[in-house]
Amino acid sequence: MTRVPLVDLQAQYRSIKADIDAAVERVLDSGQCALGPAVSSFERAFAAYCGAAEAVGVNSGTSALHLALLAAGVSPGDEVITVPFTFVATVAAIECAGAKPVFVDVDDTYCTMDPARLEAAVTPRTTAIVPVHLYGQPADMDPILEIAGRRGIAVVEDACQAHGADYRGRRCGSMGTLGCFSFYPTKNLGACGEGGAVVTSDPGLAARVRLLRSWGEQTRYTHAVRGFNYRMDGLQGAVLEVKLRHLERWTEARRAHAASYARCLSDTAVAVPRARDGVRHVFHVYAVRAARRDALQARLADAGVQTAVHYPVPVHLQPAYRDLGYRRGDFPVAERLAAEVLSLPMFPELTERQIEIVADVIRTGIPAAAPA
Ligand SMILES: *Cc1c(COP(=O)(O)O)cnc(C)c1O
């Protein structure tokens with residue numbers, strides 16, 4: 001029996017059901033189910049939330065990354081630098097734009113791009129850098145922005161796990177040339193299906209993304225550029241606008257749960273995540289590190305605690321990306337993290353009692369290794 005689920009989307013829906021249902025009904029009544037006023041209204045609210053001039057709603061985080069890279073001028077034959085320790089979509093989007101992904105290892109403490117290794121990866125073909133705010137922890141943006149600025153390279157933030165995260169007073173998604181968000185249902189701000197957004201304060205880039213998301217159509221049946229069908233559904237815009245009003249409260253709940261976990265787990269063998277100084281970590285994922293991770297995960301499962309691993313295989317070792325030419329040992333930090341991280345239950349409606357249950361199972365120990 002599941003005593004503590006990894007996430008609980010039904011609990012969230014129950015808590016705001018009347019408002020969600022009314023918003024959905026308004027879209028259905030209006031008949032404007034692709035883009036339309038519900039999407040425009042959400043775009044304005046989300047841009048303001050991100051501290052950016054504009055947000056453009058699209059149909060997924062992957063589409064957001066693809067269009068942001070194209071708008072930033074990435075073209076076939078270019079190189080785009082990112083990290084191997086991320087969800088595969090970051091890398092897939094770079095290839096959608098026709099570019100070659102080039103990896104830089106992450107740092108061991110915060111699991112985000114190691115800026116000390118960045119400059120060595122820049123070549124004359126590098127047109128963009130994609131830092132990933134993994135787990136809701138902002139990447140170390142100042143040195144990344146400094147290198148990019150000096151070398152004339154665009155920065156496209158993968159903020160798909162970092163809605164509302166801040167870095168030294170600036171919001172994730174608003175620091176780079178463009179920022180990308182996913183509204184996949186389990187993200188901190190989730191639609192009732194797929195969704196995403198590109199955020200930018202450059203009106204020219206926002207206009208380009210708007211054009212690209214809907215077949216490059218400038219006026220009806222005049223296609224100014226070759227585009228895509230990446231439009232956001234009206235229903236998703238309506239649901240997201242309702243949920244955005246609760247995001248700060250939900251984020252504070254996640255942060256409080258993280259503090260409780262850190263307290264309850266302090267006398268155990270797992271290492272708890274640390275937030276970088278001067279940031280607001282939004283804990284999309286609460287990933288601890290354990291030497292015997294798989295045994296601990298099995299023990300938690302036996303005790304009815306659902307967990308996950310984000311991510312067990314870094315992208316450079318995925319079968320699909322073998323032809324990029326990387327090998328085991330190329331990114332030792334990413335490889336070690338992939339073996340050690342374990343994501344514990346984390347969602348706003350999680351209770352103190354559930355956190356204690358998880359901590360108790362971890363404290364009572366991992367089964368001893370079989371004698372050699
Ligand atoms: C979820 C996610 C994406 C992709 O978003 P989709 O909406 O699933 O396409 C990209 N990057 C990261 C880091 C993500 O977590």
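The values are calculated or read from the model by the stated rules, or taken from the named source; none is laboratory data. Being a predicted model, the structure only gives us computed values, none of them experimental. Note that each Cβ is placed from the backbone with ideal geometry, even for glycine, and that neighbours are counted across all protein chains shown. For accessibility, only protein heavy atoms count, side chains too; no ligands or nucleic acids. Shrake-Rupley method; radii C 1.70, N 1.55, O 1.52, S 1.80 Å.
Assorted remarks:
- Only one of the listed residues (Ala139, Ala64, Ala89) is closer than 30 Å to Glu241 by Cβ, within 16 Å of the ligand (Cβ to nearest atom) and in a loop (DSSP other than H, G, I, E, B). That residue is Ala139.
- In the range 273-372, counting only helices (runs of 4 or more DSSP H) that sit wholly within it, none holds 3 or more residues that are closer than 20 Å to Cys160 by Cα and open to solvent by 40 Å² or more (accessible area, probe 1.4 Å).
- Yes/no for Val156 being within 12 Å of the ligand (Cβ to nearest atom), in contact with a Ser or Thr (Cβ under 9 Å, 6 or more places away or on another chain), closer than 30 Å to Ala238 by Cβ and at pLDDT 95 or above: yes
- Residue within the range 179-200 that is over 23 Å from Leu35 (Cα atoms), of a type outside the set (Ser, Thr, Tyr) and in contact (Cβ under 8 Å) with a residue 24 or more places away in the chain present: no
- Options Gly204, Gly216, Gly196: the member that is of a type in the set (Gly, Ala, Ser) and on the phi > 0 side of the Ramachandran plot: Gly216
- Out of Val24, Val83, sole residue that is crowded, with 24+ Cβ neighbours inside 10 Å and aliphatic (A, V, I, L, M): Val83
- Of the strands (runs of 3 or more DSSP E) contained entirely in the range 156-222, those carrying at least 2 residues that are buried (at least 24 other Cβ atoms within 10 Å of the Cβ) and of a type in the set (Val, Ile, Thr) fall at 196-200.
- Every condition in (1) under 22 Å from Arg171 (Cα atoms); (2) within 13 Å of the ligand (Cβ to nearest atom) holds for Pro84 except the one numbered (1).
- Qualifying positions in the range 254-272 - assigned to a loop (DSSP other than H, G, I, E, B) and among the hydrophobic types (A, V, I, L, M, F, W, C): Leu265, Ala269, Val270, Val272
- Residue within the range 111-134 that is open to solvent by 20 Å² or more (accessible area, probe 1.4 Å), within 16 Å of the ligand (Cβ to nearest atom) and either under 22 Å from the mean Cα position of the chain (by Cα) or modelled with pLDDT under 95 (or both) present: no
- Filter pass, Thr2 being in a helix (DSSP H, G or I) and either touching a strand residue (DSSP E or B) at 6+ places or on another chain (Cβ under 9 Å) or closer than 30 Å to Thr127 by Cα (or both): no
- For the range 67-80, taking the residues that are open to solvent by 10 Å² or more (accessible area, probe 1.4 Å) and outside any loop (DSSP other than H, G, I, E, B), the one that is nearest to the ligand (Cβ to nearest atom) is identified as Leu70.
- Count of residues meeting criterion [open to solvent by 30 Å² or more (accessible area, probe 1.4 Å) and among the charged types (D, E, K, R)] in the range 86-106: 2
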